[in-house]
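I have a structure I would like to understand better, so I am pasting it below and will then ask my questions one at a time.
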């Protein structure tokens with residue numbers, strides 16, 4: 001397939017990250033970035049085995065930080081990691097349905113753009 005007139009951005013493709021991930025205040029920005037990278041590697045291939053060095057390079061951080069961010073995603077139930085053995089990269093499973101995850105809903109301010117002065121009771 002070819003996209004005529006495609007600019008450099010569209011030529012490289014896009015990543016769609018679920019809104020519940022992007023709006024989760026309990027996930028760090030780095031964890032969200034690593035989650036998006038996992039999706040970008042595996043989306044068209046059904047599976048992939050990115051090394052932590054590759055993840056670090058693409059995320060612009062260190063391998064140690066990638067290990068911490070992967071652990072954060074594991075604890076949140078967003079990914080599962082299966083070690084494949086000495087010298088091999090890990091196998092990652094991305095969970096789009098998270099079991100036992102707490103949905104964090106931000107407090108809603110009583111004064112919203114639709115409120116009228118008479119609607120607010122102090």
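The values are calculated or read from the model by the stated rules, or taken from the named source; none is laboratory data. Just so it is clear, the structure is predicted and the values come from calculations on it, not from any experiment. Every residue, glycine among them, receives a Cβ derived from its backbone with ideal geometry; neighbour counts consider all protein chains shown.
Starting from the stretch 6-24, take each residue that is at positive phi and part of a helix (DSSP H, G or I) and list its partners that are modelled with pLDDT under 80 and surrounded by 12 or more Cβ atoms within 10 Å (Cβ to Cβ), counting only C-beta distances under 6 angstrom and pairs at least six apart or across chains.
none
OK, next. When both residues are 6+ apart or on different chains and their Cβ atoms are under 9 Å apart, which pairs have a first residue that lies in the stretch 41-56 and is more than 13 Å from residue 89 (Cβ to Cβ), and a second that is modelled with pLDDT under 80?
Hits for this filter: 43/13; 44/13.
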